1. Check Ala110, Ala114 and return the single one that is hydrophobic (A, V, I, L, M, F, W, C), in contact (Cβ under 8 Å) with a residue 24 or more places away in the chain, surrounded by fewer than 17 Cβ atoms within 10 Å (Cβ to Cβ) and more than 17 Å from Tyr63 (Cα to Cα).
2. Which residue pairs have Cβ atoms under 8 Å apart, sit 6 or more places apart or on different chains, and have a first residue in segment 62-82 that is under 23 Å from Asn115 (Cα atoms) and in the same structural domain as Gln49 (by TED's automatic domain parsing) and a second that is assigned to a helix (DSSP H, G or I) and polar (S, T, N, Q)?
3. Is it the case, given these coordinates, that Gly54 is modelled with pLDDT of 55 or more, within 25 Å of Pro111 (Cα to Cα) and crowded, with 16+ Cβ neighbours inside 10 Å?
4. Restricting the search to segment 103-145, which residues are more than 18 Å from Cys89 (Cα to Cα) and acidic (Asp, Glu)?
5. Going through Ala99, Ala73, Ala68 one at a time, which residue ends up being within 29 Å of Ala132 (Cα to Cα) and either touching a Cys at 6+ places or on another chain (Cβ under 8 Å) or crowded, with 20+ Cβ neighbours inside 10 Å (or both)?
6. Within segment 51-104, can you find the residues that are in a helix (DSSP H, G or I), farther than 25 Å from Glu127 by Cα and among the aliphatic types (A, V, I, L, M)?
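The values are calculated or read from the model by the stated rules, or taken from the named source; none is laboratory data. It should be emphasised that the depicted structure is a prediction, and the values quoted were computed from it without experimental measurement. As a convention, Cβ positions derive from the backbone with ideal geometry for all residues, glycine included, and neighbour counts pool all protein chains shown.
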Amino acid sequence: MARVGCAVIVSDAMFPLRVAVLVTLGLALGLASGAKAASPDPDKVLAKQHFESGSRHFDLAEYDQALAEFKEAYRLVPEATFLYNIAQCHRKLGNIDEALIFYKNYRRRAPDAANRDEIERRISELEAEQQARQARKAEEEREAKGAAEAKAAAEVRAAAELKAAAEAKAAAEAKAAADARAAAAPAPPAEAPAQPPGWVPVAPPTGTVAGPASPAAANPALANRTDLVQPASSTPPAATDETSIAQRWWFWTAIGVGLAAVVTGVTFGVREMRSGGNGPFCSDCATTSGVNAK
């Protein structure tokens, strides 16, 4: 098993690549030391330290720390191998977009790299996974949007139902209050029946209307007669506008007066016949006639 930078390569063929990196760093340090034996290049010394620290973090699956170390090494010594190691860390962390970026940067910086086929395969796999993630994300967004719209519609319906219930309750309370007021209010007076135009009410009589006097009362001479039937005295009821003529007082008064006149005429006729006739009608008639003749 070989490494390129801190990236673990599952292939023995990549071992020379790591050796080449180390040789390159060694030559660079050797040349620098030959040119300046008293002062080695501090950037390359730090780059090597970051590389070794990043490799240890990578072996411990501490990909965040390894990523930071490889980035610092690249800033000090911009070798393409560090870009590959950075891409490996992003892939392990699940950062597909960042991994694609650094794999493509490594392919651009090292077009003739020994692991070119692996790089192409990694790029193809990550692009397919990227597209699948984008499709899933779009589907999740559509579902979330539909759920949000459904929730908003449900809230609108619930608000409308609450409003309708509140209005119905208010209407019922108002009706109940109106019914209670109507029940508590006094009943209106009964209306009088309609009367025809020009009708004037007539007050009923307050006193007793005198009926016709009896014949005995009208003629005291008839009071002691036993050979004649005296008409009974009657008091007709009070006349009203709606009674018949036979129920009016003046009608019976006229009848009484007429009867009294008849009885009086008959009485005087009888007396006249007794006084001027040929035969006596009683025991003292002759004496009376004699007296009258003398």
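1. The unique qualifying residue is Ala114.
2. Close Cβ pairs (under 8 Å, with a partner that is assigned to a helix (DSSP H, G or I) and polar (S, T, N, Q)) amount to Ala66/Ser55; Ala66/Asn85; Glu69/Ser53; Phe70/Asn85; Glu79/Thr24.
3. Working: modelled with pLDDT of 55 or more: yes; within 25 Å of Pro111 (Cα to Cα): yes; crowded, with 16+ Cβ neighbours inside 10 Å: yes.
In short, yes.
4. Matches in segment 103-145: Asp112, Asp117, Glu139, Glu140, Glu141, Glu143.
5. Ala99
6. Of everything in segment 51-104, those that are in a helix (DSSP H, G or I), farther than 25 Å from Glu127 by Cα and among the aliphatic types (A, V, I, L, M) turn out to be Ala73, Leu76.
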